[in-house]
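Working notes for the structure below.
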């Protein structure tokens, strides 16, 4: 897979009356053509500044961005405007024109670029079909729900035939059900139209539902970068553990007998591992902690089980886990739980 966006040694410093504020420091990323790439961090980490630096709405203080083979630092303002047409962008607050209908909002960027009204309307209507809003073409933003407004915004972003769709907290203002629907739509656009997607968010649920790879930003720097399934299974940085696990880490101590930590690193989400283990071993266990989730039909995460006192029961469980190739750690009472 070729690299569509390369970010090299990028830094951004804002000068204020009270001193300089470092928003980004030494950012290095490559985003592949056709993937869905997530950028996540807590509020103030620098993720929204980064997405604005990708399309040079914010000019980096240092470093560079290469998009589709073009080094943006070297382009004139006119050349930058042409490049930005290949970068669709959707926002948290939709940014629709209140005085224009859904169709009018989608035709707007086409009209600006010189497309005739007839052709602009034809293309806009086809895009409203893509996002499932052809029947609301004449509706104004005030007549649309939040999810419908975001669908119009997505159609508008697609109007210029972008190579990448930049989504800056695009689902933060939506309820969970609508969020899932919008993410499903974005995934469909990526899959069927081949458009690369960059998702900026503070929510891990968004990353796990849609992204192939993820970069975690903490205090203006990249703290961790990799495949979503790998980072969910083996988070290395403190910020990754804080985002993935409640409280940022597993509980330090468990009362009672020995325990095992089972790591789910890619087994089918439809395979009832714990239920099968209990049924086949005829040994009850106590679930002390669980944080697992489905990513692309695969189970990732971990679960801590308290084992019975009888040594033969423990051996039966661990033998079953080994036989079924389940990744696990055996920890005696009082031992530290590795994360």
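Nothing in this text is a laboratory measurement; each read-out follows from the coordinates by a stated rule. Keep in mind that this is a model prediction, so the values were computed, not measured. Cβ coordinates were reconstructed from backbone atoms using ideal geometry, including for glycine residues, and neighbour counts include every protein chain displayed.
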Report the per residue volume, in Å³, of the convex hull enclosing the C-alpha atoms of segment 134-206. 99 Å³
Label-point separation (nm) for residue 323 and residue 241, each offset 7 Å from Cα along Cα-to-Cβ? 3.5 nm
The equivalent-ellipsoid semi-axes of the chain, taken as the square roots of five times the Cα gyration tensor eigenvalues and listed largest first in whole Å, are 45, 24, 16
For the chain, find the longest principal axis of its Cα atoms and tell me its angle to the long axis of helix 117-130, 0 to 90°, nearest 10. 10 degrees
Looking at the chain only, what percent of DSSP beta bridges run antiparallel? Nearest 5 please. 70 percent
Provide the gained length on full extension for the span residue 145 to residue 2, in nm with one decimal, where the gain is 0.36 nm per separating residue minus the Cα-Cα distance. 47.7 nm
Helix 146-158 vs. the chain, principal-axis angle (Cα, 0 to 90°, nearest 10): 60 degrees
Share of Cα-Cα pairs in segment 79-228 lying beyond 21 Å, as whole percent: 44 percent
Below 8 Å, C-alpha to C-alpha, sequence gap of six or more: please give me the relative contact order for segment 3-243 in percent. 26 percent
Calculated SAXS-style log₁₀ I(q)/I(0) at q = 0.14, 0.20, 0.22 Å⁻¹ - segment 16-140, Debye, Cα scatterers: -0.84, -1.22, -1.30
Subtracting the Cα-Cα distance of residue 21 and residue 57 from 0.36 nm times their residue separation yields 11.2 nm
Using the alpha-carbon atoms, what tilt in degrees (0 to 90, nearest 10) does helix 176-193 show relative to the longest principal axis of the chain? 70 degrees
